[in-house]
């Protein structure tokens with residue numbers, strides 16, 4: 001799944017492979033995605049979460065997960081282990 005975000009306070013837009021709430025980098029407001037899409041596999045064209053292809057190709061290893069901005073990671077329930 002892939003999320004599209006827009007901060008309600010400053011209008012900053014971003015996209016993320018993590019589609020649960022994220023904090024705006026600029027003003028620290030928690031934002032929910034305004035649109036969520038299935039990620040499609042670039043190799044087979046199927047839905048990425050159900051295909052049998054190598055999953056490392058669905059994310060950019062050069063972009064680390066920002067747990068400091070992630071609602072799920074900040075939740076006591078998940079104890080910063082969502083990634």
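The values are calculated or read from the model by the stated rules, or taken from the named source; none is laboratory data. Nothing here was measured: the structure is a model prediction, and the numbers come from that model. We place every Cβ from the backbone using ideal geometry, glycine too, and count neighbours over all the protein chains shown.
Which of the residues that make up segment 47-57 are surrounded by 10 or more Cβ atoms within 10 Å (Cβ to Cβ) and either touching a strand residue (DSSP E or B) at 6+ places or on another chain (Cβ under 9 Å) or at pLDDT 80 or above (or both)?
Correct list: 47, 48, 49, 51, 53.
All but one of (1) modelled with pLDDT of 85 or more; (2) farther than 21 Å from residue 5 by Cβ; (3) surrounded by 13 or more Cβ atoms within 10 Å (Cβ to Cβ) hold for residue 31; which doesn't?
Answer for residue 31: the failing condition is (2).
Under 7 Å between Cβ atoms, which residue pairs at least 6 apart in sequence (or on different chains) link something in segment 38-55 that is at positive phi and without any contact (Cβ under 8 Å) to a residue 60 or more places away in the chain with a partner that is outside any loop (DSSP other than H, G, I, E, B) and surrounded by 11 or more Cβ atoms within 10 Å (Cβ to Cβ)?
Qualifying pairs under 7 Å: none.
Return the residues of segment 1-23 that are crowded, with 17+ Cβ neighbours inside 10 Å and without any contact (Cβ under 8 Å) to a residue 24 or more places away in the chain; say none if nothing qualifies.
Correct list: 16, 19.
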